[in-house]
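Below is one structure, written out as structure tokens; the observations come after it.
The values are calculated or read from the model by the stated rules, or taken from the named source; none is laboratory data. In this text the structure is predicted, and so the values were computed from the model without any measurement. Methodologically, a virtual Cβ is constructed for each residue, glycine included, from the backbone with ideal geometry; neighbour enumeration extends over all protein chains shown.
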Amino acid sequence: MNPKTLSPNRNNVPFDIKISSETVITALLLYNGVMKKVLCSAAFLIMAVSNVCSLDILEDIIRPGESLVGTPYRSGGTTPSGFDCSGFVLYLYNKYSPGLPRISSQMADFGTPVSRSDVLPGDLLFFATGSSSALITHVAIYIGQNSILHAISNGPNRGVSITNLSARYWNKRYFSAVRIFDKVNSFAAEDSRGEKRVVENMTYAKGRYSGAIVNGEPEGQGLLIMNNGDRYEGMFSQGVFEGMGTYYWADGKNQSGEFRDGLLVSAPEKGENYMERKDSPWETWDGVVEGDFQLWLQQEQDDFQNWKQTH
């Protein structure tokens, strides 16, 4: 093709630049390619922001996660056919946080650090469950009422399970916590009618809860049916019995009165408060939970090999 000579521009500045048709076509293709990348990136960003803004931790993260309880553990697994600990988190969170890393030790650096006393449902909790107390090897999702949802590789409960955060094993090996989502945009305080939000059969480590919630925790009037058959009906605050209520034992006895920090204070109890019982199998087990350690180790080895090839 013959090159074309551009004529003087509108400001009468003469120039004589020869541009071939091939150059024009190449420039247009490059321009279109860049624009497509920009548009795709913008669309992806808008979609990610839209997902986060519409996120409901309870309905979009915790409920779907609880429906997967019983799914087997599989090293490297990221699907409902089998999960490892970080693969389980990634499966639930990736739609709302596309940049979330794959490995638990890297996830710990991704969000906003929060203290253990300030964790909210949806926050990620990290544990050092291997031979080193300085190395994160396991991640779990805090779901409220001192309960964690996670995929476990070893121990008395394997696969996707709900366990008590205060059980000796997990309490001893707790490392840190991060918040991935802004709590302001992550909890629906009211239902579609503008009334206080109420849930049914929310599963925790100690039982199933139905009643009012605030920031994902039982708050106000509610009912907890405990795993041993006991139940409590009354007021809650930040997930625990607080205020006037009645504790019903499985054998038919009951005690009404004022509860404070989970315990009856206005009269002596007629039996054991199940919430105080340390019946988790994790109270006595003391082995290694491998978590995603092998995945981390493989990545470290791959990074080292890549470094050797470039130095």
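A few remarks follow.
- A count restricted to the stretch 210-239 and to residues that are without any contact (Cβ under 8 Å) to a residue 60 or more places away in the chain and under 26 Å from the mean Cα position of the chain (by Cα) stands at 15.
- Answer residue from the stretch 262-304, given it is part of a helix (DSSP H, G or I) and at pLDDT 90 or above and is nearest to Ile148 (Cα to Cα) among those: Trp282
- Residue check for Val89: modelled with pLDDT under 95, in a helix (DSSP H, G or I) and of a type in the set (Val, Ile, Thr): no
- Any hit, the stretch 290-311, residues being polar (S, T, N, Q), closer than 26 Å to Lys172 by Cβ, in the same structural domain as Thr137 (by TED's automatic domain parsing) and exposed (fewer than 15 other Cβ atoms within 10 Å of the Cβ): yes
- Checked against (1) more than 30 Å from Glu59 (Cβ to Cβ); (2) in contact with a helix residue (DSSP H, G or I) (Cβ under 6 Å, 6 or more places away or on another chain); (3) at pLDDT below 95, Trp307 passes all but condition (2).
- Those strands (runs of 3 or more DSSP E) lying entirely in the stretch 136-180 with at least 2 residues closer than 18 Å to Gly87 by Cβ and among the small types (Gly, Ala, Ser): 159-164
- Within the stretch 138-146, the presence of a residue that is in the same structural domain as Gln294 (by TED's automatic domain parsing), over 11 Å from the mean Cα position of the chain (by Cα) and among the hydroxyl-bearing types (Ser, Thr, Tyr) is excluded.
- Selection count where residues are at positive phi and in a strand (DSSP E or B), scope the stretch 235-244: 1
- With respect to (1) among the small types (Gly, Ala, Ser); (2) under 13 Å from the mean Cα position of the chain (by Cα); (3) in a loop (DSSP other than H, G, I, E, B), the lone exception for Ser132 is condition (2).
- Unmet requirement for Lys95, which otherwise passes all of (1) of a type outside the set (Gly, Ala, Ser); (2) farther than 17 Å from Asp56 by Cβ; (3) in contact (Cβ under 8 Å) with a residue 24 or more places away in the chain; (4) surrounded by fewer than 19 Cβ atoms within 10 Å (Cβ to Cβ): (2)
- Taking the criterion of being part of a helix (DSSP H, G or I) and not polar (S, T, N, Q), the residues of the stretch 92-106 that qualify are Leu92, Tyr93.
- Test set (1) more than 17 Å from Arg173 (Cα to Cα); (2) buried (at least 24 other Cβ atoms within 10 Å of the Cβ); (3) touching a Pro at 6+ places or on another chain (Cβ under 7 Å) - Tyr142 fails condition number: (1)
- Residue, surrounded by the fewest Cβ atoms within 10 Å (Cβ to Cβ), within the stretch 98-116, restricted to residues that are in contact with a Leu (Cβ under 7 Å, 6 or more places away or on another chain) and over 25 Å from Asn157 (Cα atoms): Phe110
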